[in-house]
1. Quick one: which residue in Tyr294, Tyr273 is surrounded by fewer than 17 Cβ atoms within 10 Å (Cβ to Cβ), in contact (Cβ under 8 Å) with a residue 60 or more places away in the chain and in contact with a Phe, Trp or Tyr (Cβ under 9 Å, 6 or more places away or on another chain)?
2. Out of Ala73, Ala61, Ala55, Ala69, I need the residue that is among the small types (Gly, Ala, Ser), within 13 Å of Leu279 (Cα to Cα) and at pLDDT below 95. Which one?
3. For region 57-82, give me the residue count where each residue is of a type outside the set (S, T, N, Q), out of contact with any Ser or Thr (no Cβ under 6 Å at 6 or more places or on another chain) and touching a residue at least 60 places away in the same chain (Cβ under 8 Å).
4. How many residues, within region 103-134, are under 20 Å from Leu203 (Cβ atoms) and within 22 Å of the chain's Cα centre (by Cα)?
5. Inspect all residues belonging to region 180-187 and state whether any of them is modelled with pLDDT of 95 or more and among the β-branched types (Val, Ile, Thr).
6. Restricting to region 244-265, count the residues that are farther than 19 Å from Leu185 by Cα, assigned to a helix (DSSP H, G or I) and touching a residue at least 12 places away in the same chain (Cβ under 8 Å).
7. Quick one: would you say Leu32 is of a type in the set (A, V, I, L, M, F, W, C), in a helix (DSSP H, G or I) and either in contact with a Leu (Cβ under 9 Å, 6 or more places away or on another chain) or surrounded by 10 or more Cβ atoms within 10 Å (Cβ to Cβ) (or both)?
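The values are calculated or read from the model by the stated rules, or taken from the named source; none is laboratory data. As the structure is a prediction and not an experimental result, all values here were calculated from the model. Counting neighbours? That spans all protein chains shown, and the Cβs are built from the backbone with ideal geometry, glycine included.
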Amino acid sequence: MSAPARLPIGAAQPSAPGPPRPPGRHRLLPYLLLLPAAAWLLVFFAVPLLQLAAASLYDPAGSLATGYAMTWAFGNYPDALAAYWPQFGRSFGYAGAALVLALLAGYPLAYAIARKAGRWKNLLLVCVVAPMFTSFLVRTLAWKTILSDNGWLVGLLRDVHLLAPDGRLLATPVAVVLGLTYNFLPFLVLPLYASLERLDPRLLEAAGDLYAGPLRTFRRVTLPLSMPGLVAGTLLFFIPASGDYINAELLGTPNEYMIGNVIDSAFLVRLDYPQGAALSFLLMAAILAVVFGYLRRTGPEKVL
């Protein structure tokens, strides 16, 4: 028998056959599954956004009765900002104050549910989420009753001399901030809970073995590892809170109105579509600037 032929040294070895390539229609299947969502976003997000952008450039002298002319009136933006910059500042101030209160209340709550609740964990999570099953309007009206001059909270604060006999909470900035805190608190607690619940308890035990106290363990172990939930929760809280108008409408006065109230009035009361659209885009740009600045400071990988 003849010896088998050998390939010369340095010659390319034949590669093993790879897996068969799927037919073209199967490779397109994942993209076809995206079509319903893409169509939904196109029809109900992209198209209305483009229409709103066009409306922001209409001639401000027009009206619904006479019609609007596209004059590329970019001056609508500085005019709207000059007229309502206090409401912009008030919106971000109220949202920031509510976020601080939500962090003070929400972080301990999320930590207690994730690390200390034991068999009560599911019940406490239901208590956090349950208010979201009721109307936003109903929840805010409930706070209007709680903060009223004849409510139990005002009576209690007067009894312990934390509020003057003629003092009040309703129709003040305090009421608006408390309403924002309550209504958007679950958006902060749930991402925090998800991060804290995944925290490996052996890391906390190792910190204790290295003689780290509770405060140092929190600062060096718990807080850094919970940053993904903290960053996501603060964004989910701050973005809707800064554009809210229900709380200021029901719990405040025109002196507490936020930019959302102005936009609502521009579209539905004054029917000033160019100004309402310009204010909407200014609010969107301001929120995006805050979000990008925040992510740049904290690191976008923290939310991944």
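1. Tyr294
2. Exactly one residue qualifies, and that residue is Ala55.
3. Number satisfying all stated conditions: 11.
4. Number satisfying all stated conditions: 6.
5. Yes.
6. Of the residues in region 244-265, 8 are farther than 19 Å from Leu185 by Cα, assigned to a helix (DSSP H, G or I) and touching a residue at least 12 places away in the same chain (Cβ under 8 Å).
7. So Leu32 does not fit the description; no.
Residues checked against (1) more than 17 Å from Gly89 (Cβ to Cβ); (2) within 17 Å of the chain's Cα centre (by Cα); (3) at pLDDT below 95:
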{"site": "Leu230", "(1), (2), (3)": "yes, yes, yes"}
{"site": "Phe237", "(1), (2), (3)": "yes, yes, no"}
{"site": "Ala241", "(1), (2), (3)": "no, yes, no"}
{"site": "Tyr273", "(1), (2), (3)": "yes, no, yes"}
{"site": "Leu279", "(1), (2), (3)": "no, no, no"}
{"site": "Val290", "(1), (2), (3)": "no, yes, yes"}
{"site": "Leu304", "(1), (2), (3)": "yes, yes, yes"}
